[in-house]
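Worksheet for the structure shown next.
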Amino acid sequence: GESVGLHLPTLSVQEGDNSIINCAYSNSASDYFIWYKQESGKGPQFIIDIRSNMDKRQGQRVTVLLNKTVKHLSLQIAATQPGDSAVYFCAENRPNTDKLIFGTGTRLQVFP
Amino acid sequence: DTEVTQTPKHLVMGMTNKKSLKCEQHMGHRAMYWYKQKAKKPPELMFVYSYEKLSINESVPSRFSPECPNSSLLNLHLHALQPEDSALYLCASSQYDRDNSPLHFGNGTRLTVT
């Protein structure tokens with residue numbers, strides 16, 4: 001399943017499928033990007049990050065892709081599990097500042 | 001469990017009350033942050049402290065007053081709040097002596113202003 005994370009949409013995927021969560025960031029000068037997972041009643045939890053000099057970075061079951069030409073970031077989750085159900089936020093770091101700005105988020109629902 | 005601890009977890013206060021939110025981290029991070037999050041919205045930056053000095057205030061109303069007593073502690077003093085200030089208040093920290101390090105968040109204080 002795939003979504004565009006601009007208005008807190010919901011992405012529903014079946015357990016075991018791959019998920020793709022998309023994010024359009026706003027500032028072409030942003031140099032560092034992070035994906036966070038937020039479960040109900042908890043704070044955002046770091047998943048994976050990527051610097052602007054990279055196009056792709058892989059973690060455990062997750063991959064982040066960065067397309068600077070179109071200011072687009074995506075998070076791929078392999079073999080999605082029920083524990084992956086949460087709201088996912090991308091965040092961009094404004095250069096030469098301490099500001100980390102969050103995108104609007106995407107809710108991921110995993111059904112059996 | 002998060003390495004950033006926030007207290008209290010829940011707080012209900014009247015518009016004339018004075019209260020404080022507390023945040024603590026022991027990761028040796030030198031930058032600390034306050035974010036505000038309304039329901040179904042992303043966290044919004046309020047304040048940033050770097051090396052215990054206020055470096056960013058995102059035009060936050062003066063009824064919110066941050067304080068950083070030392071490198072491990074961050075407080076947010078609240079006075080004369082409005083019902084629309086009800087939200088989840090998140091504290092975060094990051095390494096400051098390294099370019100591009102992620103923020104580590106606490107689980108927040110759920111604030112209700114009556």
Q: Pull the list of the protein assembly as shown cysteines that no other Cys approaches to under 4.7 Å, Cβ to Cβ.
A: B:Cys68
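Using the reciprocal of the averaged 1/r over all distinct C-alpha pairs, how large is the Kirkwood radius of the range A:16-58 in Å? Walk me through the numbers before you get to the answer.
Working: mean 1/r = 0.0802 Å⁻¹.
Kirkwood radius, the range A:16-58: 12.5 Å.
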Q: Sticking with the crude label model, points 7 Å out along Cα→Cβ, report the distance from B:Gln95 to B:His79 in nm, one decimal please.
A: 3.8
Q. Please state the relative contact order of chain B as a whole percent: Cα pairs under 8 Å, 6+ residues apart?
A. 38
Q: Give me the number: length gained by fully extending B:Asn17 to B:Lys38, i.e. 0.36 nm times residue separation minus the C-alpha to C-alpha distance, one decimal in nm.
A: 5.5 nm
Q. Under the definition of Cα pairs under 8 Å and six or more residues apart, what whole-number percent is the relative contact order of chain A?
A. 36
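Shape of the range A:39-112 from its Cα gyration tensor (a ≥ b ≥ c, root eigenvalues): rounded if a/c is under 1.5, otherwise prolate when a/b > b/c, or oblate? Working shown, then result.
Details: a/c = 2.21, a/b = 1.43, b/c = 1.54.
Oblate shape, in that a/c is at least 1.5 and b/c is the bigger or equal ratio.
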Q: Under 14 Å from a label point 7 Å along Cα→Cβ of A:Lys68: give me every residue in the range A:30-51 with its amide N that close.
A: A:30-33, A:50-51
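What average number of partner chain Cβ atoms lie no more than 10 Å from the Cβ of the residues making up B:34-43?
Details: counts 0, 4, 0, 4, 0, 0, 5, 4, 14, 10.
Mean partner-chain Cβ count within 10 Å for B:34-43: 4.
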Q) Applying 1/(1 + (r/R0)^6) with R0 = 45 Å to the Cβ-Cβ distance of B:Arg110 and A:Glu15, what FRET efficiency is obtained, to the nearest 0.05? A) 0.90
Q. In Å, the Kirkwood hydrodynamic radius of the protein assembly as shown over pairs of distinct alpha carbons?
A. 18.1
Q: Using θ = phi - 60° and the Karplus relation 6.51 cos²θ - 1.76 cosθ + 1.60, list the HN-Hα couplings for the range A:77-86 in order, rounded to whole Hz, with x at every Gly or Pro.
A: 10, 8, 6, 4, 10, x, x, 7, 4, 4
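Every read-out reported here was derived from the displayed coordinates using simple, explicitly stated rules and does not represent laboratory data. Small disclaimer: the values here were computed from a predicted structure and weren't measured. All Cβ positions, glycine included, derive from the backbone under ideal geometry; neighbour counts span all protein chains shown.
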